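The values are calculated or read from the model by the stated rules, or taken from the named source; none is laboratory data. Note that this is a predicted model, so its numbers are computed, not measured. Note that each Cβ is placed from the backbone with ideal geometry, even for glycine, and that neighbours are counted across all protein chains shown.
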Ligand SMILES: Nc1ncnc2c1ncn2[C@@H]1O[C@H](COP(=O)(O)OP(=O)(O)O)[C@@H](O)[C@H]1O
Ligand SMILES: [Mg+2]
């Protein structure tokens, strides 16, 4: 018979920082850096765009907007982005639809293959297109075509390829949650497939479609890598900032265009958030997965289309891979490893810099974004809304704009943080805050899923908020945190537009090396650099996937 | 030592979850909060736990006001409706969690955790993870976990409602036995009147954020004060009556009660248990406590037979009569009389 009396004494410290104290401390830790590294730099752009020779005013804006060139750039950017949207969204929808609603062999492979553009900097599509269709590209050279890829269509196609995985991920999710019973009842009522598609599928995924359009449009408006490589004489707003600031030190003009680029990004993000709220309301608890019945004609058509799409997307990295192994594309196609000697410029230093920066960013980023998510979700109070707004603010800021803001804010000798300018640390910080919103949202979703019961159980057992975090919350969400780590690593490895303004010869990174090598016409070496970036990203993904698999956490999404 | 709740109120926006609740829970007592879903039971329990703040009112434990004591410092044990075991910890580690929060020496934690697991008869499941255990086992571990730090108050929020009938029955008795063995003051929330009758020393019947009646299972069953309590506990037949000059009438039939009748004239309700009713041959005169009625339908339930009848004076009513053992069973359409002893009648408000 056990004794049931209990004579242990409670040895918790009598003085404990109350949960309110912890909250205030954590809120401060989260918010001050967001102000320093996000809000103030953005403010810096605004200030710079408004400062003229005779004090503050809108002089820079009026003089910029009175030039014909500005409106030409706006027209170019809008035209390219709109065209990209028209190409990408229908194709990505069809691809997602085929994968969700038809029987196709090797679906996991197709799903993964179509995401490969995310593993490389956004200039690789342009690089691949030039190797394939450029003046000295494979088609012109071997098939005698006279294609002119530089310019409008080159940018549109490169952007379309680059945006395809982003569009696919959203549309695929939208199609996945559409309610099976609606389809089945439509089928029972004898509706023909095309009618079902028009009256059930499209309406059920309309929010996803709208969101995808916004995202693709904004990505194209603000993307820099592809237009700078394949644009030729065709300029868009994003390349103009670069040329004005880097080429001609026209900072005020850069600031004005930066503000202009912020407009579609902010509008797009706000509309997207409005729309996604409704999307969530559509998913009811009773929704269940659709059973796909075999239908030979449909399945063959879907398979042909899906494999053609994947082949198109994969042709870019494959041709880059090939180009990196031949002596001189396309004149001398003998295989060689000499481009991997990296005897140009700083050798392999930029590659290692990229890896170090990405490792540091991933680690710091997980800490920073998780802390923000915890403050918002585990310490609800009147400041919560504000902190959450700050945390998702970066989503609406294009990389170039944030990078330019860093130049204005940190390159100012009066700023006590001026010492950071030109350092690796600032590149890391920029990457952390540039990707902050997505990391924050991933962790938030995971925290919401585990709910409040465990917190309450822990509290009632005498655990403080910190004990709960350490012993319960973190152990439950660590696979998600590892996913966030991978997300940060991947994004930083391939990041170009955000850091382009902050690179110094000493802090050169791989993606910028690719840009400079292509610029100098060293396309084979540029290809080798791109291959290395992709290789490192894929290696990291495999490694983390393996770790998660070992620990039985198989359902964590790593590629976002 | 007792828990005293004084004029507690709580609103969620427009919804009044609790309306002026006052209550005293004596030391060592097993109290059930009983009421239909949405009546505020969980809210009251959560306020006691400190997980929710009341708008008004106060809670004292041994004359000490709890309003400034954070939930984690109240030393109350809670078992939630949904299994809330930490999924990343084994049964043993779960049970030891509260002891670890109190920074007890490691050997003591292990000894105590094992004792508590033995108390709920799960000593052989110590190394299982929650997902490897059945719902009933998980709730037992949750109980052991709540009891391990020797709480001054044990709070249970519908701990059995997610379990299937057989396990629920077993656990009812087990929880009650453990509570009596440890003597820990316990509050359990339930919407199941049978559960509360079996387990509780004291039942607090709640309805729409208010306390309807408080009492022992026996006193609530035998002396319900309101129609709500009469109906909710054990299902009483409710007969509308007219009060005239201190006498009650059902239609034209005079009704005599053993307890004193209200003096005010007007409408009232009388409650009578199905098993207190008998059926007899109809009488023509309006004899007291003899209500002419027609048999509507009959349900056989083995050891008892339920007969549903409609009184002639109120044909819209459906009165349930329970006949036990060898009583002769009438057939539908028969005209009989309902009769009952004055002691079986309760005048309700
Ligand atoms: N967090 C909350 N927010 C808004 N309304 C609530 C909340 N919790 C409870 N309520 C409302 O308060 C009332 C009482 O709820 P609850 O205490 O859970 O009832 P019970 O446990 O008796 O079913 C219900 O009307 C419920 O909808
Ligand atoms: Mg409840």
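The table below lists the values:
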quantity: Answer residue from the range A:406-420, given it is in contact (Cβ under 8 Å) with a residue 40 or more places away in the chain and surrounded by 16 or more Cβ atoms within 10 Å (Cβ to Cβ) and is nearest to residue A:488 (Cα to Cα) among those; calculated: A:406
quantity: Selection count, the range B:53-94, where residues are surrounded by fewer than 18 Cβ atoms within 10 Å (Cβ to Cβ) and within 16 Å of ligand 2 (Cβ to nearest atom); calculated: 2
quantity: Yes/no for residue B:29 being in the same structural domain as residue B:214 (by TED's automatic domain parsing) and within 13 Å of ligand 2 (Cβ to nearest atom); calculated: no
quantity: Subset tally (residues that are in a helix (DSSP H, G or I), farther than 11 Å from residue A:208 by Cα and at pLDDT 85 or above) for the range A:148-186; calculated: 15
quantity: Tally of residues being within 16 Å of ligand 2 (Cβ to nearest atom) and in contact (Cβ under 8 Å) with a residue 40 or more places away in the chain across the range B:143-182; calculated: 7
quantity: Selection status of residue B:247, touching a residue at least 12 places away in the same chain (Cβ under 8 Å), more than 16 Å from residue B:34 (Cα to Cα) and away from ligand 1 (no atom under 16 Å from the Cβ); calculated: yes
quantity: Filtered residue count, the range A:364-409, keeping only those that are over 18 Å from the mean Cα position of the chain (by Cα) and part of a loop (DSSP other than H, G, I, E, B); calculated: 5
quantity: Residue within the range A:505-528 that is farther than 25 Å from residue A:126 by Cβ and away from chain B (no Cβ under 13 Å) present; calculated: yes
quantity: Residue B:186 vs. criteria away from chain A (no Cβ under 13 Å), on the phi < 0 side of the Ramachandran plot, within 26 Å of the chain's Cα centre (by Cα) and within 16 Å of ligand 1 (Cβ to nearest atom); calculated: no
quantity: Flag if residue A:500 is surrounded by fewer than 19 Cβ atoms within 10 Å (Cβ to Cβ), at pLDDT 90 or above and more than 7 Å from every other protein chain (Cβ to nearest Cβ); calculated: no
quantity: Strands (runs of 3 or more DSSP E) contained entirely in the range B:183-270, each with at least 3 residues that are assigned by TED's automatic domain parsing to the domain that holds residue B:78, within 16 Å of ligand 2 (Cβ to nearest atom) and touching a helix residue (DSSP H, G or I) at 6+ places or on another chain (Cβ under 7 Å); calculated: B:186-190, B:202-207
quantity: Some residue of the range B:51-73 being in contact with a strand residue (DSSP E or B) (Cβ under 9 Å, 6 or more places away or on another chain), in contact (Cβ under 8 Å) with a residue 40 or more places away in the chain and within 16 Å of residue B:145 (Cβ to Cβ); calculated: no
quantity: Residue ranges of helices (runs of 4 or more DSSP H) in the range A:426-470 with at least 1 members surrounded by 20 or more Cβ atoms within 10 Å (Cβ to Cβ) and over 32 Å from the mean Cα position of the chain (by Cα); calculated: A:453-460, A:465-468
quantity: Selection status of residue A:422, within 14 Å of chain B (Cβ to nearest Cβ), on the phi > 0 side of the Ramachandran plot and at pLDDT below 95; calculated: no
quantity: Members of the range B:60-86 that are within 16 Å of ligand 1 (Cβ to nearest atom) and closer than 25 Å to residue B:19 by Cβ; calculated: B:71, B:78, B:80, B:81
quantity: Hits in the range B:53-84 - residues which are facing chain A (nearest Cβ under 10 Å) and under 24 Å from the mean Cα position of the chain (by Cα); calculated: B:76, B:77, B:78, B:79, B:80, B:81, B:82, B:83, B:84
quantity: Unmet criterion (only one of (1) assigned to a loop (DSSP other than H, G, I, E, B); (2) under 19 Å from the mean Cα position of the chain (by Cα); (3) more than 14 Å from chain A (Cβ to nearest Cβ)) for residue B:33; calculated: (1)
quantity: Qualifying positions in the range B:95-109 - more than 9 Å from chain A (Cβ to nearest Cβ) and crowded, with 17+ Cβ neighbours inside 10 Å; calculated: B:95, B:96
